[in-house]
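The values are calculated or read from the model by the stated rules, or taken from the named source; none is laboratory data. Predicted model only: the values in this text are computed from it and were never measured. Cβ placement follows ideal geometry from the backbone for every residue including glycine, while neighbour counts extend to all protein chains displayed.
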Amino acid sequence: MDALNHVIHEWIIQLGWTGDAVLRLLLAGILGALVGLEREVRGREAGFRTHLLVCFGSALVMLVSVSFADHPWVASGSYSLSIDPGRIAYGVMTGIGFLGAGAILKQQSAVRGLTTAASLWCVAAIGLACGFGLYVLAVAAAAMTLSALWLLHYLEAVLPRRRFRRLILRCVWHERCLQNVTQRIESLGISVEDQSFQRTVDLLEVDIELSISYTDANRYEEAVESLYTDHECRLIASHRS
């Protein structure tokens with residue numbers, strides 16, 4: 001890797017500073033676009049253009065920061081001027097948090113966009129690496145990010161995962177209706193985490209709200225189907241929890 005990195009830098013030196021800077025920006029745009037393409041295909045909140053611009057902009061900020069530090073500033077004899085080239089980069093990683101927060105959406109009790117926000121943070125770091133001239137590291141980081149987003153998505157699909165939902169059922173009121181419904185749900189292989197009920201105005205029926213969890217989606221679908229057709233205790237609503 002060190003040898004490859006050395007060869008790349010030796011070749012890029014021949015392009016001059018401007019050619020090197022343009023190449024860094026192009027690489028940042030390509031790597032950011034690749035990560036954004038994965039998000040675009042999955043229909044996420046921040047897609048192709050957003051990731052491209054974040055990565056490209058981060059690289060540009062790093063180039064400006066390095067140039068700012070290398071600029072021959074004139075100092076008087078009474079003081080010396082010291083520039084920290086990483087100061088602007090710190091601001092990028094802090095500021096990207098606001099953009100990432102905008103990609104996180106809360107829909108009722110479900111939260112979406114966390115992975116997209118994390119991918120934006122990663123492409124910002126990849127852009128900074130490109131802007132600083134860490135070509136091999138930037139490509140490796142982009143490959144790892146894509147692997148985490150694309151390949152691990154299929155791995156998650158086969159892993160046992162506990163899901164949570166809220167069910168609202170309407171039943172005929174009697175003293176043991178809550179206990180009977182809970183036992184029935186648990187007999188289908190679904191765990192009841194919490195329960196509450198509220199009787200209707202005429203006091204003849206009761207709305208039972210259950211917080212459930214399950215790992216087998218097929219069992220859950222079977223339970224829901226049976227409850228939809230049950231006249232004594234019918235399912236009237238199902239929400240993600």
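Step by step: first the residues of segment 163-184, then only those that are more than 17 Å from Glu222 (Cβ to Cβ) and aliphatic (A, V, I, L, M), then the one that is surrounded by the fewest Cβ atoms within 10 Å (Cβ to Cβ). Which residue is that? Let's see the steps before the verdict.
Keep residues of segment 163-184 that are more than 17 Å from Glu222 (Cβ to Cβ), which gives 164, 166, 168, 170-180, 182.
Narrowing the set further to residues that are aliphatic (A, V, I, L, M) leaves 168, 172, 178.
Values: Ile168: 15, Val172: 11, Leu178: 17.
Looking at the filtered set, the residue picked out is Val172.
Check segment 75-85 and report whether any residue there is of a type in the set (S, T, N, Q), in a strand (DSSP E or B) and at pLDDT below 80.
The answer is no, given that none of the residues of segment 75-85 is of a type in the set (S, T, N, Q), in a strand (DSSP E or B) and at pLDDT below 80.
Residue check: is Arg44 charged (D, E, K, R), within 25 Å of Gly97 (Cβ to Cβ) and surrounded by 15 or more Cβ atoms within 10 Å (Cβ to Cβ)?
yes
Suppose the filter is surrounded by 15 or more Cβ atoms within 10 Å (Cβ to Cβ), of a type in the set (Asp, Glu) and either within 23 Å of Arg176 (Cβ to Cβ) or in contact with a Leu (Cβ under 9 Å, 6 or more places away or on another chain) (or both); does Glu209 pass it? Let's see the steps before the verdict.
Values: surrounded by 15 or more Cβ atoms within 10 Å (Cβ to Cβ): yes; of a type in the set (Asp, Glu): yes; either within 23 Å of Arg176 (Cβ to Cβ) or in contact with a Leu (Cβ under 9 Å, 6 or more places away or on another chain) (or both): yes.
Yes: the conditions hold for Glu209.
Determine whether segment 159-182 contains at least one residue that is within 30 Å of Ala33 (Cα to Cα) and modelled with pLDDT under 80. Give the derivation first.
Going residue by residue through segment 159-182, those that are within 30 Å of Ala33 (Cα to Cα) are 159.
Now narrow it down to the ones that are modelled with pLDDT under 80: 159.
Yes - at least one qualifying residue is present in segment 159-182.
State yes or no: is Ala148 surrounded by 15 or more Cβ atoms within 10 Å (Cβ to Cβ) and small (Gly, Ala, Ser)?
Yes, satisfied.
Inside segment 169-185, can you point out the residues that are without any contact (Cβ under 8 Å) to a residue 60 or more places away in the chain and either in contact with a strand residue (DSSP E or B) (Cβ under 6 Å, 6 or more places away or on another chain) or not assigned by TED's automatic domain parsing to the domain that holds Tyr214 (or both)?
Residues satisfying the conditions are Trp173, Cys177, Leu178, Val181, Thr182, Ile185.
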